[in-house]
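*Asks:* One structure coming up, written as structure tokens, with questions to follow.
The values are calculated or read from the model by the stated rules, or taken from the named source; none is laboratory data. For clarity, every value in this text was computed on a predicted model and none was experimentally measured. Counting neighbours? That spans all protein chains shown, and the Cβs are built from the backbone with ideal geometry, glycine included. For accessibility, only protein heavy atoms count, side chains too; no ligands or nucleic acids. Shrake-Rupley method; radii C 1.70, N 1.55, O 1.52, S 1.80 Å.
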Amino acid sequence: MWVWAGQAVAIDVFIESPRVAKGEKVRLTPERDRALRVVAEIDAAQTASIGED
């Protein structure tokens, strides 16, 4: 999970940078969204498995 969370944070840094071209920001946005979605799904799976005990 930490790898995906770190990836989302790293991509955010690029997206927020004024030095990165607009086209690159557009390309990076779906990658960031995917990383955030994976983190949310992992978190949900962990929460569900804790509730099963």
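*Asks:* Those residues that are assigned to a helix (DSSP H, G or I) and open to solvent by 60 Å² or more (accessible area, probe 1.4 Å), I need them from segment 12-35; list them, please.
*Replies:* Result: Val13, Phe14, Glu16, Lys22, Glu24, Val26, Arg27, Pro30, Glu31, Asp33, Arg34.
*Asks:* Which residues, counting only those in segment 1-11, are in contact (Cβ under 8 Å) with a residue 24 or more places away in the chain and in a helix (DSSP H, G or I)?
*Replies:* Trp4, Ala5, Gln7, Ala8, Ile11
*Asks:* Another question about this same structure. For segment 29-45, how many residues meet the condition of being without any contact (Cβ under 8 Å) to a residue 12 or more places away in the chain and not charged (D, E, K, R)?
*Replies:* The total comes to 4.
*Asks:* Moving to a separate point now. Please find, among Val9, Val38, the residue that is aliphatic (A, V, I, L, M), on the phi < 0 side of the Ramachandran plot and open to solvent by 90 Å² or more (accessible area, probe 1.4 Å).
*Replies:* Val9 is the lone residue from the list that is aliphatic (A, V, I, L, M), on the phi < 0 side of the Ramachandran plot and open to solvent by 90 Å² or more (accessible area, probe 1.4 Å).
*Asks:* Which pairs do you get when a residue that is touching a residue at least 12 places away in the same chain (Cβ under 8 Å), found in segment 14-28, comes within reach of a residue that is in a loop (DSSP other than H, G, I, E, B) and surrounded by 11 or more Cβ atoms within 10 Å (Cβ to Cβ), reach meaning Cβ atoms under 7 angstrom, with the pair 6+ apart or on two chains?
*Replies:* Correct list of pairs: Phe14/Val20.
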